[in-house]
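See below for the structure under consideration.
Each reported figure results from applying straightforward, stated rules to the coordinates on display, with no laboratory input. From a predicted model like this one, the values you see are computed outputs, not experimental measurements. Here the Cβ positions follow ideal geometry from the backbone for every residue, glycine too, while neighbour counts run over all protein chains shown.
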Amino acid sequence: MFVALDLPEAARSQLGRWCEEAFAARSDLRAVPVDHLHLPLAFLGSQDEAAGPSIAEAAFGAATGLAQPRLVAGEVRSVPPRRPRLFALDMVDEGGHAGALQAGVSAALEDLGVYRPERRPWWPHVTLARVKRGERVVEPLAADSPALGAIEPGDLTLYRSTLRPQGSLYEPLARAALG
C-alpha cells in the first residue's frame, strides 16, 4: 500500500500526452499509465487489507486543516543518474504545503505502526517511465520538461499496489478531497 496525492485530471492528461511523445521511440522504457501518475507521500509496503480503513483514517486525518499544496513542474530526472531505473518529474513545492502534508501523513502512519519514515528527505516527484526489465538506458532522454503550470492536487488516496509482469496495478482503496 501507499498514500499519494492525485494530480488533477487535466494535468494527468497533459503529462500522458507528453510521455507518449517523449517515450514513443524508446524500446527501453515503459511509460507509466496516465491513471498511475501521482505524487507519492508514503510507501507502506505489504499491509493487511483489513488495516486499510484505519490507515486511510490516519492519513486523511493528518491532512485536515492543512493548506492546499501547489506544485510546479521542474526537470525530468533519471533515477539514479547513472544506469537509471526510472525517469521522474521533479515537482517544486511552492510554499512547502505538500511537504507539510507529507510530514503529517508520515507521522500519523508512523504513530499507527504501519510506516517507518525513510532516512532520505522526501522528494516531491511524479514517476513518468520505468526502464523495462532486462533493458539498460543507453541514450539520455531527449525531451524538454513538460510545461504544466501550477498544479493543485485535489485528492489524497490510499492505494493498493499489485506487482505484475506487465507493470504494477494501482487500485484506490480510499480517497479524500483536499481543502
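In percent, what relative contact order does the range 2-70 have, based on Cα pairs under 8 Å that are 6 or more apart in sequence? All intermediate terms of the calculation are to be shown ahead of the outcome.
Working: 39 pairs, mean separation 30.5, N = 69.
Averaging sequence separation for qualifying contacts and normalising by length gives 44 percent for the range 2-70.
In the chain, the sites counted are trypsin sites (Lys or Arg not before Pro) in DSSP loop states with at most 15 other Cβ atoms within 10 Å, and the longest stretch holding none of them, exclusive of the sites, is 1-81. Taking max minus min of the alpha-carbon positions on each principal axis, the chain gives extents of 44, 34, 29 Å, largest first. Considering only alpha-carbon pairs that sit under 8 angstrom and 6 or more positions apart, the relative contact order computed for the range 2-177 is 33 percent. The HN-Hα couplings worked out from phi for the range 148-163 by the Karplus form 6.51 cos²θ - 1.76 cosθ + 1.60 (θ = phi - 60°) are 9, x, 6, 10, 10, x, x, 10, 10, 10, 9, 10, 9, 10, 10, 7 Hz, whole numbers, x standing for Gly and Pro. Helix 97-112 and the longest principal axis of the C-alpha atoms of the chain enclose an angle of approximately 60°.
What number comes out for the charge environment of L101, summing +1 per Lys or Arg and -1 per Asp or Glu over other residues with Cβ under 14 Å away?
Values: positive: R70; negative: D6, D93, E94, E152, D155.
Local charge sum for L101: -4.
Other residues whose C-beta falls under 12 angstrom from the C-beta of S54 contribute a net charge of -4, scoring Lys and Arg +1 and Asp and Glu -1. Only helical runs count toward this figure. For the chain, summing -39,500 (n - 2.57) over DSSP H runs of n ≥ 4 and dividing by all residues gives -8000 deg cm²/dmol at 222 nm. On the principal axes of its alpha carbon atoms, the range 105-179 extends 43, 33, 27 Å, with the longest extent given first.
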